[in-house]
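Heads up: the structure comes next, in structure tokens.
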Amino acid sequence: MDSIPKRGYTIIKEGTENVMKIDASAWTFTPSIEDNAIVMGRVVDFLVEYPGVKRIIFSQRRNYTYNEEQTLHLIELANLYKSLVRQKKLLSLGGIAFKPEAQALIGGWRAIIQDVVINKLRGDPVGAYVELKRIIRNEKIKIEKMPLELVEVEQNYIDILQDIYLRLGKTRLINLVKDQLSGYTVGDRGIYTLVFRPSISPDFIFTQLMMQHPLDGEEIGTYSFNNNDIMIYRVPGDIKYLYHLTPPEFKISEDKYALLDKARRVLAEHKPQAEEFLDPERMRNTFLNIGKDLLQELSESRGMALSLEELDELAKILVRYTIGFGLIEVLLEDEKIQDININGPIGQTPIFILHEDYDECVTNIIPSAEDAASWASKFRILSGRPLDEANPILDTELILPKARARVAIIQKPLNPFGLGYAFRRHRDKPWTYPLFIKNKMMSPLAAGLLNFLVDGSRTLLFAGTRSSGKTSLLGSTLVEIMRKHRVITIEDTLELPVESLRKLGYNIQSMKVRSALTKGGSEVAADEGIRVSLRLGDSSLIVGEIRSVEAFALYEAMRIGALANVVAGTIHGDSPYGVFDRVVNDLKVPRTSFKATDIIIISNPVKSPDGLHRWRRIMSITEVRKHWEEDPLREKGFVDLMKYDSKTDRLEVTDDLMNGDSEIIKTIAGNVREWVGDWEAVWDNILLRAKIKETLVKYAEKSKMPDLLEAGFVVASNDVFHRLSNQIKEEVGSLDNKRIFFEWEEWVKREIRLRSLK
């Protein structure tokens with residue numbers, strides 16, 4: 001029989017909660033409450049001594065964590081057991097034992113009650129409950145045949161059994177399983193798996209992962225990436241879906257666990273210096289190589305044969321839990337995840353995500369306070385920005401081999417419960433207009449119009465609420481800038497796809513400036529960054545987000561004509577007038593300066609009638625006229641060129657655009673000899689651009705080549721369009737739209753054929 005050394009427990013304080021940690025490292029069996037009556041009984045004993053805990057953790061190479069609800073069931077049992085044991089008179093049948101007529105029966109009765117309460121109730125309460133019911137039934141049958149002088153003492157005995165039975169029956173545990181007791185056999189531990197389902201993690205991972213699937217959950221989706229298995233569940237009683245993750249570190253063998261644990265202990269002796277974090281990619285590669293060598297050496301010393309694939313996977317896991325960010329990295333590798341939220345007090349609530357297909361979801365991951373504190377230290381070093389009580393907000397970015405994310409961190413006193421995190425995942429590759437056409441965020445005509453405005457070197461503001469897609473739209477607009485132009489980006493946290501565009505051959509310079517939320521520091525202020533950009537030559541200027549004093553410098557530069565190419569940025573605002581109000585009233589830019597804005601593009605989420613689903617859509621493309629004096633809304637300074645129609649779920653052309661009533665487009669046309677005074681020619685060119693974008697989407701779907709919609713091919717397509725336009729204009733003296741499209745389409749067909757042969 002299993003025996004448990006009385007090594008006791010320790011109480012750990014996590015935030016406002018007490019956690020009972022039980023050392024099971026010397027046990028020769030798995031510390032499972034649901035599978036082992038001795039384990040359950042021992043835990044109940046511990047809870048009799050110290051009932052004020054929220055969670056129970058067994059430590060035995062892996063951590064087995066029982067959550068607050070499961071712990072509460074055990075605390076209730078401990079309280080009942082304690083109450084019964086204190087009633088010594090009850091256990092010893094003191095009220096009956098002195099009656100002469102009971103002497104022949106008392107020994108057996110006392111043994112039965114003590115067996116039920118002392119033994120079964122602690123380790124097998126369901127068995128105790130069923131056994132009590134059987135005993136009571138049998139005793140009631142016996143009493144009918146007993147002599148009159150024994151009936152009273154027998155009834156007293158039955159009353160004692162009935163009291164214990166009723167008190168046990170009122171516990172949460174028994175109430176949860178009552179409906180499952182038909183056919184139950186005393187001693188069958190399977191019944192406990194309906195109640196006790198611990199989260200299990202290796203002991204080098206502090207974060208908890210609920211590995212067991214919800215018993216009452218309905219599976220509605222499943223997929224995999226990088227050896228990570230994802231299952232989506234609909235769980236009764238919760239309007240959010242459950243995102244259930246099973247990463248590779250939870251699927252490896254015990255031998256590999258031991259190998260990883262040993263390697264981790266060795267690597268932990270090396271504490272990375274702050275200067276090593278200045279080049280995180282290099283540091284990660286260094287640790288990856290060291291980890292591989294270490295794992296190879298340890299595996300050979302233990303007689304384990306590891307393939308190159310196994311070695312590589314174990315080394316990546318090792319890096320993730322030494323210098324990395326643990327399961328956060330796994331979540332960020334999932335391309336379908338858009339946002340990750342970790343709320344304080346950390347350790348008490350699961351991670352929440354925003355999923356591309358299933359909207360808001362709760363995950364099976366509960367981060368630990370230890371991990372949260374470790375991440376905060378790493379982000380302080382990586383960003384070079386403070387995070388303390390004097391500076392309780394940190395905006396930064398996280399760049400991983402397979403993901404990028406913007407990170408917002410808050411702590412005390414702003415967050416009364418300690419640390420809190422929000423991760424905004426960026427797409428690995430830049431968004432493109434064709435991709436947005438495919439997911440219906442914009443229409444082909446909107447893509448053609450915006451492409452025309454970019455080539456026309458206009459000033460564009462992408463506005464919307466949080467999570468409206470404005471930064472993604474700005475990034476996709478960068479792809480539309482011709483590669484012959486220089487591009488300068490200014491951001492306080494690096495969100496734009498600068499590195500991807502650099503690899504595509506763009507002449508692009510990134511500038512990182514001080515966050516508007518940061519006090520002091522060595523970084524240059526955003527307004528000074530804009531002024532510096534004017535000294536770097538003729539460039540397209542892209543401002544990641546207009547938040548503060550940089551707005552004044554930006555509009556000053558635009559007014560004096562210092563920026564000859566396209567200027568674009570994002571700003572919070574749910575309408576053109578909302579943008580005006582933000583720029584003029586909040587950021588104190590003069591009204592006359594605001595007129596330097598040419599186009600405002602508003603994007604916002606559109607919700608389904610039931611409120612359970614949402615989709616990002618461009619709501620309007622609005623021109624800012626220049627004739628108004630005080631209020632652009634009242635004086636008709638805003639003219640919608642395209643407007644979202646909820647019935648068609650599309651951006652539709654307005655009469656103003658259809659009739660050529662656009663001062664901005666006319667200004668662009670005025671600089672092209674073939675378009676001056678010829679609205680039809682201008683409109684045909686916009687339609688040509690729209691047709692090219694739409695056709696690209698159709699060819700990608702028809703050929704089953706989604707890469708045709710990615711930035712690499714879209715940039716090449718734009719280059720071909722511009723070259724063909726110039727070439728055909730020189731040949732025939734005008735822009736022959738039909739011929740341009742024909743030759744562009746032939747180029748696409750050739751590219752598809754070449755790709756299909758590879």
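Listed values, structure above:
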| quantity | calculated |
| --- | --- |
| Tally, over the range 654-679, of residues that are assigned to a loop (DSSP other than H, G, I, E, B) and more than 47 Å from the chain's Cα centre (by Cα) | 9 |
| Of residues in the range 64-92 being modelled with pLDDT of 55 or more and in a loop (DSSP other than H, G, I, E, B), the one nearest to Val48 (Cα to Cα) | Gln87 |
| The lone exception for Ile346 - which of (1) over 19 Å from the mean Cα position of the chain (by Cα); (2) of a type in the set (A, V, I, L, M); (3) part of a loop (DSSP other than H, G, I, E, B) it fails | (1) |
| Residue satisfying all of: in the range 577-601; open to solvent by less than 20 Å² (accessible area, probe 1.4 Å) and β-branched (Val, Ile, Thr); farthest from Arg616 (Cα to Cα) among these | Val589 |
| Pair list, Cβ < 9 Å and 6+ apart or interchain, from the range 232-260 residues that are closer than 18 Å to Leu306 by Cα and of a type in the set (A, V, I, L, M) to residues that are open to solvent by 60 Å² or more (accessible area, probe 1.4 Å) and part of a loop (DSSP other than H, G, I, E, B) | Ala258/Arg61; Ala258/Arg302; Leu259/Arg302 |
| Residue pairs meeting the criteria (Cβ under 7 Å; at least 6 apart or on separate chains; first farther than 15 Å from Leu435 by Cα and in contact (Cβ under 8 Å) with a residue 40 or more places away in the chain, in the range 459-477; second aliphatic (A, V, I, L, M) and open to solvent by 10 Å² or more (accessible area, probe 1.4 Å)) | Thr459/Met558; Thr459/Ala596 |
| Selection from the range 290-335 of residues that are in contact with a Phe, Trp or Tyr (Cβ under 9 Å, 6 or more places away or on another chain) and open to solvent by 60 Å² or more (accessible area, probe 1.4 Å) | Glu335 |
| The range 723-738 - residue that is exposed (fewer than 15 other Cβ atoms within 10 Å of the Cβ) and at pLDDT 90 or above and, of those, farthest from the chain's Cα centre (by Cα) | Gln727 |
| Thr322 being in contact (Cβ under 8 Å) with a residue 24 or more places away in the chain and closer than 27 Å to Gly418 by Cα | yes |
| Single condition Val117 does not satisfy, out of (1) touching a Leu at 6+ places or on another chain (Cβ under 6 Å); (2) open to solvent by 10 Å² or more (accessible area, probe 1.4 Å) | (2) |
| Of all residues making up the range 447-486, the number that are surrounded by 24 or more Cβ atoms within 10 Å (Cβ to Cβ), β-branched (Val, Ile, Thr) and part of a strand (DSSP E or B) | 0 |
| In the range 29-55, residue farthest from the chain's Cα centre (by Cα) [restricted to those that are among the hydroxyl-bearing types (Ser, Thr, Tyr) and either open to solvent by 20 Å² or more (accessible area, probe 1.4 Å) or on the phi > 0 side of the Ramachandran plot (or both)] | Tyr50 |
| Matching option when the condition is closer than 26 Å to Thr432 by Cα and touching a residue at least 12 places away in the same chain (Cβ under 8 Å), among Leu757, Leu735 | Leu735 |
| Residue list for the range 254-299, filter: of a type in the set (Gly, Ala, Ser) and at pLDDT 80 or above | Ala263, Gly291, Ser299 |
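Conditions (1) in a strand (DSSP E or B); (2) within 30 Å of Lys691 (Cα to Cα); (3) over 15 Å from the mean Cα position of the chain (by Cα), marked per residue:
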| position | (1), (2), (3) |
| --- | --- |
| Leu382 | no, no, yes |
| Arg385 | no, no, yes |
| Leu398 | yes, no, no |
| Ala408 | yes, no, no |
| Lys412 | no, no, yes |
| Arg425 | yes, no, no |
| Trp431 | no, yes, yes |
| Ile437 | no, yes, yes |
| Leu445 | no, yes, yes |
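The values are calculated or read from the model by the stated rules, or taken from the named source; none is laboratory data. Keep in mind that what you see is a predicted model, and the values were worked out from it rather than measured. Neighbour counts are summed over all protein chains in view; Cβ atoms, including those assigned to glycine, are modelled from backbone coordinates with ideal geometry. We work out accessible area using only protein heavy atoms, side chains counted, and drop any ligands, DNA or RNA first. Shrake-Rupley method; radii C 1.70, N 1.55, O 1.52, S 1.80 Å.
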